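J.: Structure incoming, see below.
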Amino acid sequence: MVFASSRRTISLQGLVKSIQSNRSLSLRRRSFHLTCSLNNTSRKNIVPPLDTFGRRHIGPSKKEQEYQLSTLGYKDFESFLNDVIPENVRANGNNNKHFPLINTDKSHTAPNYSESEFGELVENVANKNQLVKTLIGMGYYNVKIPPAIIRNVFENPEWYTQYTPYQAEISQGRLESMMNYQTMITDLTGLSISNASLLDEATAAGEAMVMVMGSDRKKRKTFLVDSKIYPNTLSVLRTRARGFEIDVKVVDISTEVIKANEKDAFGILVQYPGADGSIFDYSHLASTAHASNMRVVAATDLLALTLMKTPGEWGADVAVGSTQRFGLPMGFGGPHAGFFACNDEFKRKMPGRLVGLSKDRLGNPAYRLALQTREQHIRREKATSNICTAQALLANMSAFYAIYHGPEGLRQIAARIYAITNVLKCGLESAGFKILNKNHFFDTLTINVQSADALIKRALAHGYNLRKVSDTSISISMDESITNEDLSQLFNVFQISSSPEAFTEKLNSGKSVNTVDELVVSAFPKELQRQTPYLQHIVFNRYHSETELMRYIRYLQSKDLSLAHAMIPLGSCTMKLNAVSEMNPVSNPKFANIHPYAPKDQVQGYEFLINDLELMLTNLTGFDAASFQPNSGASGEYTGLSVIRAYQKSIGEDYRNICLIPVSAHGTNPASANMAGLKVVSVKCLNNGNLDLDDLKVKAEKYSDNLAAFMVTYPSTFGIFEHGVKETLSIIHENGGQVYFDGANMNAMVGLCKAGELGADVCHFNLHKTFCIPHGGGGPGAGPICVKSHLADFLPSSPVVKCGGTKSIGSVSSSPYGSASILPISWAYMRMMGLDGLRDASKAALLNANYMAARLAPYYKLVYSNENNRCAHEFILDAREFKATASIEATDIAKRLQDYSFHAPTLSWPITNTLMVEPTESESMYEMDRFCDALISIRQEIREIEEGKQPKDNNLLTNAPHPQKDLVSEEWNRPYSRERAVYPVPILSERKFWPTVARLDDAYGDKKFVLYLRSYAVKKKKSSPPPGYRLSPFSSP
């Protein structure tokens, strides 16, 4: 239970009844019918819904599944499952067809919802959230999201169903957009380099702290944090610091404090502007810190930086923050793109993804992910960060927001916010209120009052939420949504006798003004006024009409392959359907526009949804409690291990610091263990892919006195259900350790196996994989954890909202419930599928994988299978032999698949020079056969090289992919035709996705290292662009 420390449940029947009294008669009747159907499940329904969801989610029909089974030699699903999943692993009592409801009677079950029925339920639940204008601030603000961005990006499957752009040739659109984002961040912060986004502001601050610690040659362990930091950021810093033995010291930052701590402190963190709204010139602090070889981190506000001197100008080494103000809904706390910018010296140490400029085989400029050797899948336990994802979709939306408004539009928004805040300040002072940050501010005022509770109550009566700072002080934060009516109402809240208009004249030296936009920003502290230009590149100065923006967005998306074009068979990534009926609630204002710190009685809809989601997850997995705060899979790993360590400390076993991890594990596992303060010991695997139980026993016994945890992925990363998993977990418990269960492959288990019954103590789930949250081109994600009862008291908490365990580890992300606004997607999937439907989905995923493996087996070696020659939900194709026979590697096959209009399977992981395929349950027989046909055709192309019919250095694979530029070139010195290059199978002449560039030169990109758009300003229309600058029809002058 994560919504409160004591379990509080809500009856769905009670929820629906409470809503009925406030709705129209027709809707009351529909709601009553829905309620009756829940409470009378034994009553025969003679008019069942036709819009059931399961048959739309699962690709193959029942007849097609019968055909798949027959080709594999089975008469029914049960006999097939017996050959795939060991009997001792199957879940107990797995014949339940429905989930329980949220009430005290756990035996009461609810039927699956049809799509239309669920639409009514969503409306009912959303209506339990109250839309009150929230001016609490603290990193979350009301925004006006341009409808063009909502429709064309946020609600567009060609943007939200993309995968991380590892295959650059078919990802140039979002790579260009991410380059725009990186340019936006570097321009606004005044620093050299930005990554392509992190999870949120608080975790970005945690990453910055660890990065600057790692660069300190004196190996100091104290981090000075200014008292004006946001409390949620401070909580995450303290949690993160524990694993690295960092002492986070909260101080009123000053030059004297810095000098007094120079022997112990490696860095400082300031909030700019502060949590109370105050703004200071930190130049002298930065100089003092640098004189003591300390690094300076600034947590800052992008919109404020359009008016304020940049952190880079006053001496910050790192800047972090959130792009939420740039066109992202509050969404009860997330997801939002955290930004991270730094000086050039950190470019090979900074966390997260970097988009860089390189060139393709034809010499044309092209984008790619740069410096990937920094990432955890390469460095494993040596990595200082476990970052495995970003917030790509949200970062792209923020970039488009900046492009749409341009530098002048952004400055106008910021100037209006400052002007409104100034008008309110003058009114408050005229009424006798004391402004505690009166001299320097941007959008937030902290006000001394007689009774904070009384004033907050009065504000609520007028329709506003304000922030309580103390019993005698409150704060209020202005944003771009403030209207003339809002300003007048706020004057009424504070009982200011004069009108706002009177103070505009006062601020304008007694001269009348028509709008607040005529007020100048001269009152802003001169030493902090921004003097440097920003966003001067043409891309930020051209697309200000909706027509132009729409065309630019469409131009970029046309370069990227998504699930809207073809299956994306990435092993261990589970690229399944993201249905519209699941996505619809995310756009609902009563989910999207809720502040994470809104009063509890205003978020009853979210409370119901989160509790219901917890109920279903724990029911599916055999655990007892859950936390939704981790906002990625890797974050879930780190959180689970931190919970284990906190539990062990509580029973006097904090000396346990060894974590056993199989060599086959994903790189995030050892990286997360390292972040949690654990020492990684690797466990061998056998030649058949199974865990080496003898090696595990030896090491578990050897380290039994210090064994903290064992991390296991099941089914294994090799795509096999191992027989010995229960014995494996027993070995760990017998030697005093806890079991962390990696839920990366949960799509093979849902409804069929329960991690909690197998012996796991904690497990994370990738809601963006197994439970249908889309990947968004590299984020957002959600990685909640479920735990057994003995770990429940240690679940993450929040310093602002009551949640988590009574002995909590602290916060692991900025908001109490992580990426809360996308939780309705998984909730929708689970409630519409129902328990029986989810079980069918898992069975279909297993069947699809085995069907494809059987089709491809005559042409490619399968690396691993069980004793029945079966795999789980994914399988690995071996390309290693082709290097000797044809000088062909897995990369060549991956690139050639692009010519067939397919995204490649997972490349060279978990084994070098292999391809791991995962079709998921959502792909149709037609699409799976089309993909198999492509791979079979490519095998024939390889055979031609083996037989000498094509040269090893100039063939269809080594030259792949073949973009249109390649096709129309005058010179064609290839031993194959243009037609065969681009239309290797007949259907492609009618329906083809074209790569927009040829194969990327990775080494060139890492050597040249261009991570932002070159400063090519609008005014330089007659001059030539700098060398290496990428020109496109939509960005050239």
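The values are calculated or read from the model by the stated rules, or taken from the named source; none is laboratory data. Owing to the predicted nature of the structure, the values given are computational and were not obtained by experimental measurement. A quick note on method: Cβ atoms are made from the backbone with ideal geometry, for glycine too, and the neighbour counts reach across all protein chains shown. Areas reflect the complete protein model, heavy atoms only, side chains present, ligands, DNA and RNA absent. Shrake-Rupley method; radii C 1.70, N 1.55, O 1.52, S 1.80 Å.
J.: Could you go through the range 821-840 and let me know if any residue there is more than 30 Å from PRO60 (Cβ to Cβ) and either among the aliphatic types (A, V, I, L, M) or free of Cβ contacts under 8 Å to residues at least 40 places away in the same chain (or both).
T.: Let us first name the residues in the range 821-840 that are more than 30 Å from PRO60 (Cβ to Cβ), namely 821.
If we keep only those that are either among the aliphatic types (A, V, I, L, M) or free of Cβ contacts under 8 Å to residues at least 40 places away in the same chain (or both) too, we end up with none.
No - not one qualifying residue is present in the range 821-840.
J.: Among the listed residues LEU641, LEU577, LEU609, LEU615, which satisfies the condition of being outside the structural domain of SER477 (by the TED database) and either of a type in the set (Gly, Ala, Ser) or outside any helix (DSSP H, G or I) (or both)? Can you show your working first?
T.: Working: LEU641 fails: either of a type in the set (Gly, Ala, Ser) or outside any helix (DSSP H, G or I) (or both); LEU609 fails: either of a type in the set (Gly, Ala, Ser) or outside any helix (DSSP H, G or I) (or both); LEU615 fails: either of a type in the set (Gly, Ala, Ser) or outside any helix (DSSP H, G or I) (or both).
The unique qualifying residue is LEU577.
J.: For PHE882, work out the one condition from (1) closer than 21 Å to ARG56 by Cβ; (2) outside any loop (DSSP other than H, G, I, E, B) it doesn't fulfil.
T.: Unmet for PHE882, out of (1) closer than 21 Å to ARG56 by Cβ; (2) outside any loop (DSSP other than H, G, I, E, B): (1).
Conditions tested, residue by residue: (1) outside the structural domain of TYR829 (by the TED database); (2) of a type outside the set (A, V, I, L, M); (3) farther than 23 Å from LYS861 by Cβ; (4) over 36 Å from the mean Cα position of the chain (by Cα).
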residue: ILE888; (1), (2), (3), (4): yes, no, no, no
residue: ASP892; (1), (2), (3), (4): yes, yes, no, no
residue: LEU897; (1), (2), (3), (4): yes, no, no, no
residue: THR906; (1), (2), (3), (4): yes, yes, no, no
residue: ILE942; (1), (2), (3), (4): yes, no, no, yes
residue: GLN964; (1), (2), (3), (4): yes, yes, yes, no
residue: VAL968; (1), (2), (3), (4): yes, no, yes, yes
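J.: Could you tell me whether GLU158 is buried (at least 24 other Cβ atoms within 10 Å of the Cβ) and at pLDDT 95 or above?
T.: Details: buried (at least 24 other Cβ atoms within 10 Å of the Cβ): no; at pLDDT 95 or above: yes.
Spelling it out, it is not the case that GLU158 is buried (at least 24 other Cβ atoms within 10 Å of the Cβ) and at pLDDT 95 or above.
J.: Identify, from the list LEU613, LEU641, the residue that is in contact with a helix residue (DSSP H, G or I) (Cβ under 9 Å, 6 or more places away or on another chain) and either of a type in the set (Val, Ile, Thr) or over 30 Å from PRO165 (Cα atoms) (or both). Don't jump to the end; show me each part of the working.
T.: Values: LEU641 fails: either of a type in the set (Val, Ile, Thr) or over 30 Å from PRO165 (Cα atoms) (or both).
The conditions single out LEU613.
J.: Right, here's the next one. Looking at LYS144, LYS128, can you tell me which residue is more than 30 Å from VAL47 (Cα to Cα) and open to solvent by 10 Å² or more (accessible area, probe 1.4 Å)? Break it down stepwise before answering.
T.: Values: LYS128 fails: more than 30 Å from VAL47 (Cα to Cα).
Criteria check complete, one pass: LYS144.
J.: Got at least one residue in the range 830-847 being surrounded by fewer than 24 Cβ atoms within 10 Å (Cβ to Cβ), more than 21 Å from THR770 (Cβ to Cβ) and in contact with a Leu (Cβ under 9 Å, 6 or more places away or on another chain)?
T.: For the range 830-847, residues surrounded by fewer than 24 Cβ atoms within 10 Å (Cβ to Cβ), more than 21 Å from THR770 (Cβ to Cβ) and in contact with a Leu (Cβ under 9 Å, 6 or more places away or on another chain): absent.
J.: How many residues does the range 546-564 hold that are surrounded by 19 or more Cβ atoms within 10 Å (Cβ to Cβ) and out of contact with any Asp or Glu (no Cβ under 8 Å at 6 or more places or on another chain)? Give the derivation first.
T.: First, the residues of the range 546-564 that are surrounded by 19 or more Cβ atoms within 10 Å (Cβ to Cβ): 549, 552-553, 556-557, 559-563.
Then keep just the ones that are out of contact with any Asp or Glu (no Cβ under 8 Å at 6 or more places or on another chain); that gives 549, 552-553, 561, 563.
So the answer is 5.
J.: Separate question: Identify the single condition in (1) in a helix (DSSP H, G or I); (2) under 22 Å from GLY783 (Cα atoms); (3) modelled with pLDDT of 95 or more that GLU701 does not satisfy, given that it satisfies every other one.
T.: GLU701 satisfies all of (1) in a helix (DSSP H, G or I); (2) under 22 Å from GLY783 (Cα atoms); (3) modelled with pLDDT of 95 or more except (2).
J.: If you check ASN492, ASN514, which single one turns out to be open to solvent by 60 Å² or more (accessible area, probe 1.4 Å) and within 21 Å of GLU408 (Cβ to Cβ)?
T.: On the way: ASN492 fails: within 21 Å of GLU408 (Cβ to Cβ).
The conditions single out ASN514.
J.: Ok, one more. Quick check on the range 221-238: of everything there that is in a loop (DSSP other than H, G, I, E, B) and without any contact (Cβ under 8 Å) to a residue 60 or more places away in the chain, which residue is most open to solvent (accessible area, probe 1.4 Å)?
T.: Out of the qualifying residues, it is LYS221.
J.: Would you point out the residue of the range 170-199, among those that are assigned to a strand (DSSP E or B) and of a type in the set (Ser, Thr, Tyr), that is nearest to ALA395 (Cα to Cα)?
T.: Of all residues in the range 170-199, those assigned to a strand (DSSP E or B) come to 171, 193-194, 198.
Next, only the ones that are of a type in the set (Ser, Thr, Tyr) stay: 171, 194.
Values: SER171: 15, SER194: 12 Å.
Only one residue fits best here, namely SER194.
J.: Which count do you get for residues in the range 486-514 that are assigned to a loop (DSSP other than H, G, I, E, B) and closer than 26 Å to ALA454 by Cα? Spell out how you get there, then give the answer.
T.: Narrowing the range 486-514 to residues assigned to a loop (DSSP other than H, G, I, E, B): 494-499, 508-514.
From what is left, the residues that are closer than 26 Å to ALA454 by Cα are 494-499.
Qualifying residue count, the range 486-514: 6.
J.: Would you point out the residue of the range 709-757, among those that are part of a loop (DSSP other than H, G, I, E, B) and of a type in the set (A, V, I, L, M, F, W, C), that is surrounded by the fewest Cβ atoms within 10 Å (Cβ to Cβ)? Full working, then the answer.
T.: So in the range 709-757, the residues part of a loop (DSSP other than H, G, I, E, B) come out as 714-724, 735-737, 744-745, 749-754.
Pick out the ones that are also of a type in the set (A, V, I, L, M, F, W, C) and you get 718, 720-721, 744, 749-750, 752-753.
Working: PHE718: 26, ILE720: 23, PHE721: 24, ALA744: 26, MET749: 28, VAL750: 25, LEU752: 19, CYS753: 24.
Residue satisfying both the conditions and the ranking: LEU752.
J.: If you check GLY137 against the conditions, is it open to solvent by less than 10 Å² (accessible area, probe 1.4 Å) and at positive phi? Talk me through it step by step, then tell me what you get.
T.: On the way: open to solvent by less than 10 Å² (accessible area, probe 1.4 Å): yes; at positive phi: yes.
The answer is yes for GLY137.
J.: Report whether or not PRO910 is assigned to a loop (DSSP other than H, G, I, E, B), in contact with a helix residue (DSSP H, G or I) (Cβ under 6 Å, 6 or more places away or on another chain) and not assigned by the TED database to the domain that holds ASN364. Don't jump to the end; show me each part of the working.
T.: Working: assigned to a loop (DSSP other than H, G, I, E, B): yes; in contact with a helix residue (DSSP H, G or I) (Cβ under 6 Å, 6 or more places away or on another chain): no; not assigned by the TED database to the domain that holds ASN364: yes.
No, not satisfied.
J.: Follow-up. Mind counting the residues in the range 662-705 that are in contact with an Asp or Glu (Cβ under 8 Å, 6 or more places away or on another chain), free of Cβ contacts under 8 Å to residues at least 60 places away in the same chain and open to solvent by less than 10 Å² (accessible area, probe 1.4 Å)?
T.: Step one: filter the range 662-705 for residues in contact with an Asp or Glu (Cβ under 8 Å, 6 or more places away or on another chain), giving 665-674, 677, 680, 683-686, 690-691, 693, 700.
Subsequent filtering for residues that are free of Cβ contacts under 8 Å to residues at least 60 places away in the same chain retains 683-686, 690-691, 693, 700.
Cutting the leftovers down to open to solvent by less than 10 Å² (accessible area, probe 1.4 Å) gives us 683, 700.
Of the residues in that region, 2 qualify.
J.: Return the total of residues in the range 666-684 being at pLDDT below 95 and not in a helix (DSSP H, G or I).
T.: 2
J.: Restricting the search to the range 937-970, which residues are surrounded by 13 or more Cβ atoms within 10 Å (Cβ to Cβ), outside any loop (DSSP other than H, G, I, E, B) and out of contact with any Ser or Thr (no Cβ under 7 Å at 6 or more places or on another chain)?
T.: Once the filter is applied, which keeps residues that are surrounded by 13 or more Cβ atoms within 10 Å (Cβ to Cβ), outside any loop (DSSP other than H, G, I, E, B) and out of contact with any Ser or Thr (no Cβ under 7 Å at 6 or more places or on another chain), the range 937-970 yields SER937, ILE938, ARG939, GLU941, ILE942, ARG943, GLU944, ILE945, LYS965, ASP966, LEU967.
J.: A further question follows. Go through the range 876-897 and give me each residue that's within 17 Å of ILE936 (Cβ to Cβ) and open to solvent by 60 Å² or more (accessible area, probe 1.4 Å).
T.: Scanning the range 876-897 gives a single hit, GLU881.
J.: Taking the condition more than 30 Å from ASP317 (Cα to Cα) and open to solvent by 10 Å² or more (accessible area, probe 1.4 Å), does SER171 pass?
T.: On the way: more than 30 Å from ASP317 (Cα to Cα): yes; open to solvent by 10 Å² or more (accessible area, probe 1.4 Å): no.
Considered against the rule, which asks whether it is more than 30 Å from ASP317 (Cα to Cα) and open to solvent by 10 Å² or more (accessible area, probe 1.4 Å), SER171 comes out as no.
J.: Consider TYR1004 against the criteria (1) touching a residue at least 60 places away in the same chain (Cβ under 8 Å); (2) surrounded by 18 or more Cβ atoms within 10 Å (Cβ to Cβ); (3) among the hydroxyl-bearing types (Ser, Thr, Tyr): it satisfies all of them except one. Which criterion is unmet?
T.: Answer for TYR1004: the failing condition is (2).
J.: Applying the selection to the range 517-535, what residues are under 22 Å from ASN437 (Cα atoms) and surrounded by 14 or more Cβ atoms within 10 Å (Cβ to Cβ)?
T.: Once the filter is applied, which keeps residues that are under 22 Å from ASN437 (Cα atoms) and surrounded by 14 or more Cβ atoms within 10 Å (Cβ to Cβ), the range 517-535 yields LEU519, VAL521, ALA523, PHE524, PRO525, LEU528, ARG530.
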